[in-house]
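Engineer: Got a structure here, written out as structure tokens. Questions coming.
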Amino acid sequence: MKELFGGGNVEQELIKRIKLGDRKAFADLYNLYADYALRLALTITKEMADAADAVQETFIRVYKNINTFDLQKNFKPWFYRILINECNRILKKKNKVVLLDNYFEQKESSVSSQKDNYDFEESERLYNALCQLNEEIRIPLTLKYLIGFSEKEIAEILGINLNTLKSRLYKGRERLKKFLSQNEEKEGKEWITS
């Protein structure tokens, strides 16, 4: 993620320019975040139209509120928190929301994380497996493995303790493994009987 976003320096410069009214800088910021935002929104909403609406509304809110953003803080957590809130607003409007109250426990701890070597590829099977998980587990997995955030960044975005996040990632990986292995067994049986 850092190599894509220049470690924050590019973002800081773009935000400064946006605050001065530079529309091209906003377009550049959009281009940096739109694809990743859409992936996360699609994972949360499970519908492309809702995901696209959430991303659009997120960028509108960012544009309207960019002058209140503190340049001393990291932009990514602020942005993704807005995106998650927009997804939930859309789902709530459709009466499909699973509230993220559990996400907002209290500040993250300063425990350092170990590098996680799992490398999930994007595939239809993985997406289907992710969709079977509840939001509490699905969103952290998506942020880590599909978008590429570090555990510390995810904890900051979701407003949860780092150890809580690690527990959710572990549970999520275990549930994904179970779901994927059950699917493989099921597909194998279908292949044998056909």
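Engineer: Given the condition on the phi > 0 side of the Ramachandran plot and at pLDDT below 80, answer yes or no: does some residue in the stretch 139-148 qualify? Steps first, answer last, please.
Structural biologist: Initially, the stretch 139-148 is screened for residues on the phi > 0 side of the Ramachandran plot, giving 148.
Subsequent filtering for residues that are at pLDDT below 80 retains 148.
Within the stretch 139-148, one or more residues are on the phi > 0 side of the Ramachandran plot and at pLDDT below 80.
Engineer: In the stretch 86-104, which residue that is open to solvent by 80 Å² or more (accessible area, probe 1.4 Å) and in a helix (DSSP H, G or I) is modelled with the highest pLDDT?
Structural biologist: Arg89
Engineer: For the stretch 178-192, indicate whether the set of residues that are open to solvent by 80 Å² or more (accessible area, probe 1.4 Å), modelled with pLDDT under 80, small (Gly, Ala, Ser) and at negative phi is non-empty.
Structural biologist: no
Engineer: Test Asn9 against the criterion of being surrounded by 12 or more Cβ atoms within 10 Å (Cβ to Cβ), at pLDDT below 95 and among the polar types (S, T, N, Q), and give yes or no.
Structural biologist: Details: surrounded by 12 or more Cβ atoms within 10 Å (Cβ to Cβ): no; at pLDDT below 95: yes; among the polar types (S, T, N, Q): yes.
The answer is no for Asn9.
The values are calculated or read from the model by the stated rules, or taken from the named source; none is laboratory data. Just so it is clear, the structure is predicted and the values come from calculations on it, not from any experiment. Virtual Cβ from ideal backbone geometry, glycine too; neighbours counted across all protein chains shown. To get the accessible areas, we keep the full protein, side chains included, count just its heavy atoms, and leave off ligands, DNA and RNA. Shrake-Rupley method; radii C 1.70, N 1.55, O 1.52, S 1.80 Å.
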